[in-house]
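**Q** Would you mind keeping the following structure in view while I ask a few things?
Just so it is clear, none of the values below were taken in a lab; they were calculated from the coordinates. Worth saying up front: this structure is predicted, and the values here are computed from it rather than measured. For neighbour counting, all protein chains shown are included, and Cβ atoms are generated from backbone atoms with ideal geometry for every residue, glycine included.
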Amino acid sequence: MARPSRRKLCSLCSQSAPILYRVKYLEDGDWVFLCPQCWEKVSQNNPFYVYGGTWKAKKK
Ligand SMILES: [Zn+2]
């Protein structure tokens, strides 16, 4: 695999983003990474939403 390892894709829209949020948003769901746009969608009015941290492509 020649792809750079420090790259993740949003679990919902499959887009890469410089920042992804690690969240759970289903009652029995696993941790997933979401881009800020999808994160906004699933975090609103969601009783199962759990925030697990922020992933950044660039570490500084
Ligand atoms: Zn997304």
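**Q** Where the only charges are on Cβ atoms (+1 Lys, Arg; -1 Asp, Glu), what is the dipole of the chain about its Cα centre, to the nearest 20 debye?
**A** Values: 11 positive and 4 negative charges, 131 e Å.
Here the size comes out at about 620 debye.
**Q** How much length is gained on full extension from Gln37 to Ile19, taking 0.36 nm per residue of separation minus their Cα-Cα distance?
**A** Details: separation 18, 0.36 × 18 = 6.48 nm, distance 1.07 nm.
So the extension gain works out to 5.4 nm.
**Q** Using R₀ = 25 Å, calculate the FRET efficiency as 1/(1 + (r/R₀)^6) where r is the Cβ-Cβ separation of Asp30 and Lys59; round to 0.05. Before the final figure, lay out the partial values.
**A** Working: r = 24 Å, r/R0 = 0.97.
My answer for the efficiency is 0.55.
**Q** To the nearest 500 deg cm²/dmol, what mean residue ellipticity at 222 nm is calculated for the chain from DSSP H runs of n ≥ 4 alone, each contributing -39,500 (n - 2.57), summed and divided by the residues?
**A** Numbers: 1 runs with 8 residues, N = 60.
Calculated at 222 nm, the ellipticity per residue is -3500 deg cm²/dmol.
**Q** Using label points projected 7 Å from each Cα along Cα→Cβ, tell me how many nm separate Asn45 and Arg7, to one decimal.
**A** 3.7 nm
**Q** Which residue, Pro36, Ala57, Tyr21, has the largest displacement toward the positive end of the dipole of the chain when charges sit on each Cβ (Lys, Arg +1; Asp, Glu -1)?
**A** Toward the positive end, the furthest listed residue is Ala57.
**Q** Could you work out the relative contact order of the chain, using alpha carbon pairs under 8 angstrom and six or more residues apart, expressed as a whole percent? Let's see the in-between values first.
**A** Values: 96 pairs, mean separation 22.5, N = 60.
Reported as a whole number, the value is 37 percent.
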